[in-house]
Amino acid sequence: MNDYFNRIFNKSPYEIIDSDYYFNSDNAGDNFDESDAEEWLAKGGFKRRWENAAQKSDSLFAADVLNTFSKNPAPFLEIACGPGMGLTPAILSEYPQIPCIASDASSLVIKSWREYLNTNPMTQYDISLASFSVLDIPIKSNSLDTVTSLIGISSTRNGEQGEIDALREVFRVLKNDGYFIAVENEWVDYDAIKRVFELWGKPIWDGMIKKKTWQTKFTEVGFDIESCDKTYSRYLLKQDNDLGEQADKFGIKIELKFTLFVARKSAV
């Protein structure tokens, strides 16, 4: 754990393994298992995702992310980093000496990333790891210049209120004039979703239907949105999840829109 991040934690971890902090947050994370870890490690998933992101070959937003980060290249937190480590590879490809802490609620994700970094040393980077939920970030208020997210808020549990609570936590840990650089997604056509669930014969998943736009949620917690005009859309794929499989089965297209938000915590 980099000393910089060690100093800004506001509570003790549940346990420390290989200098990484764990806050007993698995119930707030994705349900990965050992088969996922095998794909990440033995089958090269981590390596492919890192290399693609670092080369910016799979991100339409990389240039805009780096443009914002260049305004104040400082240590940053990546929330809900997942098996791709979010926006971190693209940022470190341009700023390899900037310390960062990659976090995820899933302890398996963090333990697997530690194993990868121990066996594939990337000594040009200063990467710390911690497992905690974005609903309860164990960092002192007004501590960070930048927080980054690649679908980190979108994947939060507890529906729309969970997303708002997570945004409040991000807002809290940022310094005044700090930036939240986030790619988040949303459904375009709820009628299509409702139709798939009707044909599927199942109730719509809890928290799936949202009443507020992302812009509303960002501003509600206090952020100033400096940019949200970079977007792209795609249709849910059969291999994405069970809903995608059912949509494919019934021939219904469900559109997802991804938006890059550059949000600033304005000085009071």
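See the values below:
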| quantity | calculated |
| --- | --- |
| Compactness of the chain, expressed as Rg and Dmax over alpha-carbon positions, Å | 18.3, 54 |
| Dipole magnitude of segment 143-261, debye to nearest 20 (Cβ charges: Lys/Arg +1, Asp/Glu -1, about Cα centre) | 260 |
| Pairs of lysines in segment 133-268 (C-alpha under 15 Å apart; 8 or more residues apart or interchain) | 14 |
| Dipole magnitude of the chain about its Cα centre (Cβ charges: Lys, Arg +1; Asp, Glu -1), debye to nearest 20 | 540 |
| Positive-pole candidate from ILE204, TRP187, SER233, dipole of segment 182-260, charges at beta carbon | ILE204 |
| Choice from PRO121, PRO89, PRO13 with maximal GNM fluctuation in the chain (Cα, 10 Å cutoff) | PRO121 |
| Loop sites in segment 46-121: trypsin sites (Lys or Arg not before Pro), DSSP, at most 12 other Cβ within 10 Å | none |
| Cα lying deepest toward the dipole's positive end in segment 8-99, options ASN72, PHE32, PRO89, charges on Cβ | ASN72 |
| GNM flexibility winner over the chain from ALA166, ALA130, ALA192 (Cα, springs under 10 Å) | ALA192 |
| Model label zone, TRP205; criterion: amide N under 19 Å from point 7 Å along Cα-to-beta-carbon; scope segment 170-190 | 183-190 |
| Calculated SAXS-style log₁₀ I(q)/I(0) at q = 0.15, 0.18, 0.21 Å⁻¹ - segment 17-111, Debye, Cα scatterers | -0.64, -0.90, -1.13 |
| Over segment 107-192, equivalent-ellipsoid semi-axes from the Cα gyration tensor in Å | 26, 19, 13 |
| Candidates LEU41, LEU174, LEU237, ranked by Gaussian network fluctuation over the chain, Cα under 10 Å, top entry | LEU237 |
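All of the numbers you see were taken from the coordinates with simple rules; none came from a lab. All of these numbers come straight from a predicted model, not from anything done at the bench. Please note: Cβ atoms are built from the backbone with ideal geometry, for glycine as well, and neighbour counts cover all protein chains shown.
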